[in-house]
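For reference, the structure I am asking about is given below.
What follows draws every value from the coordinates through simple rules; no lab data is involved. Note that the structure is predicted; figures quoted are calculated from it, not measured. Cβ placement follows ideal geometry from the backbone for every residue including glycine, while neighbour counts extend to all protein chains displayed.
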Amino acid sequence: MQKIKLGMIGGGLGAFIGDAHRRASRICNDYQLIGGVFDVDFEKGQEFAKQQDLDLNRCYATVDSFIESELALSDVDRIQAVSIVTPNMLHYEFASKLLKAGFHVICEKPMTFTVEEALDLKNIVDSSNQTFALTHTYTGYPMVRQMKEIVKSGALGKIHRVDAQYYQGWVNSIIEGTGSGITGVWRLDPKYAGMSSCMGDIGVHAFNLIEYTTGLEISSVLSDLNPVKENVQLDLDGTVLLRMNDNIKGVIRSSQVAAGEENNLTIGIYGSEASLKWSQEDPNFLYMLSDTEPTKVYKPAHGYNTEFAEASHVMPSGHPEGIYEALGNIYKGVAKSIRGEESFDGEFPTVEDGVRGMKFIKSVVESNSNNNSWIDL
Ligand SMILES: NC(=O)c1ccc[n+]([C@@H]2O[C@H](COP(=O)([O-])OP(=O)(O)OC[C@H]3O[C@@H](n4cnc5c(N)ncnc54)[C@H](O)[C@@H]3O)[C@@H](O)[C@H]2O)c1
């Protein structure tokens, strides 16, 4: 089968998530990276393109020149899908331009800077024929997909409570360290990150994981955020109480300053008959708890899993799979959508998930500055 021609905006030398996107696109084996705008600095972008052995004519200085030059090529040669892996403030501008020019878009989270931009992007996606995917990477893990399907089957009984946590500690070294000022790290700077650091960068993953796995909508939030230090402009830590439909309650706990924590994203979905617990640092084990039976452990690559979870592992059972494979599963879902193939419900997060995420971030910030009051999404 012909590979989908892939472009990338950002993700050049030393960039973090762009490399994971390239690896993911190779794991699923559906794409070939052709070109892009790999860096804000054109020379560094060209250096990267050389290292990747790409045609330098397909390495562009700006998104505008990318679009103009690619559109001048024949359908056969033109890049078809573009991954946007730049800091947050550029997602909306680049995604809307690329969609309007006819490219499929795979965009990093948080989707935009504001809810207004998110709604506008949704209109653009809805009126186009292209695929738009948002890379909430954790939805690609086989056991997260298994969790979604178990909840859908009703096996938990009535859901009583949902508890998600995303703890990191790396920002300690920036705010407490001597070597680097906080302005050098874009996640802490509202000009690059938007209205939130902790909730916008990682709390939103916990939010998405709750809505993805339970199928519930979080209707209102009450938050208590903490910038931790006086000279920090955005939240670095916070707790959010959640109200969902059907009188279900929950909580999101998130921190970038919990010393020693790495990418400790966990979720617990507690029901009247059974409960599910999953942790991204141990992603191949999904625990099902009950008051009357011993704990069950689900693992990838076993016939007892649902068809969707079974379609989401690469190796036979017992070989650990991780974040690259999870992102690869999202790229696989996008490839199926571009090719018009049949797919499972939830193979990649959509523009609706992006709108929900932006409403969450805005409401959490509003609740905190409004005396920690309840805010409807
Ligand atoms: N899904 C996830 O789990 C996950 C994980 C990490 C980061 N992210 C998201 O990915 C995005 C990028 O984060 P990162 O940590 O890789 O950032 P980064 O700072 O490591 O890399 C950003 C890249 O964007 C490039 N860039 C900046 N301005 C540009 C422009 N005008 N044109 C072209 N390229 C430009 C930079 O040169 C750099 O190559 C963020 O939105 C972040 O929230 C998501």
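Would you mind pulling out the separation of the Cα centroids of the range 318-342 and the range 18-57, in Å?
19 Å
Just from the alpha-carbon atoms, what are the Rg and Dmax of the range 4-138 in angstroms?
Both quantities, over Cα of the range 4-138: 13.8, 40 Å.
Using a Förster distance of 25 Å, how high is the FRET efficiency between Asn247 and Ser373, based on the Cβ-Cβ distance and rounded to 0.05?
Once the sixth-power term is evaluated, E becomes 0.80.
Once you list every other residue whose beta carbon is under 9 Å from the beta carbon of Tyr141, what net charge do they have if Lys and Arg are +1 and Asp and Glu are -1?
Net local charge, Tyr141 excluded: -1.
Go through the range 363-377 residue by residue and turn each phi into a ³J(HN,Hα) via Karplus (6.51, -1.76, 1.60, θ = phi - 60°); whole Hz please, and just put x for glycine and proline.
Each residue's phi maps through the Karplus curve to give 5, 5, 5, 5, 4, 5, 7, 9, 6, 6, 9, 6, 10, 7, 6 Hz.
Mind checking which lysines have their C-alpha under 25 Å from Lys152, skipping anything on the same chain fewer than 8 residues away?
Lys249, Lys277, Lys296, Lys299, Lys332, Lys336, Lys359
Rank-order 241-248, 79-86 by packing density, defined as the average count of other C-beta atoms within 10 Å over each peptide's residues, highest first.
Most protected by this proxy first, the peptides run 79-86, 241-248.
Give me the net charge of Lys229's neighbourhood, meaning all other residues with Cβ under 11 Å from the Cβ of Lys229; Lys, Arg count +1, Asp, Glu -1.
-3
If you look at just the Cα atoms of the chain, how large are its Rg and its Dmax in Å?
Expressed in Å, the Cα Rg and Dmax of the chain come to 20.6, 65.
Antiparallel versus total DSSP beta bridges in the chain: what percent is that, nearest 5?
60 percent
Quick one: if the Förster radius is 30 Å, what FRET efficiency do Glu43 and Arg23 give, using the C-beta to C-beta distance and rounding to 0.05?
0.75
With springs only between Cα atoms under 10 Å, which of Phe344, Phe48, Phe113 fluctuates most in a Gaussian network model of the chain?
Phe344
Now a separate question. In percent, what relative contact order does the chain have, based on Cα pairs under 8 Å that are 6 or more apart in sequence? Please report the intermediate quantities before stating the final value.
Working: 828 pairs, mean separation 76.6, N = 377.
Here the relative contact order equals 20 percent.
Tell me, what is the percent relative contact order of the range 4-138, built from C-alpha pairs under 8 Å that lie six or more residues apart?
Once normalised by length, the contact order is 22 percent.
Can I ask one more? Tell me, how many Å apart are the Cα centres for the range 198-243 and for the range 96-152?
Here the answer is 19 Å between Cα centres.
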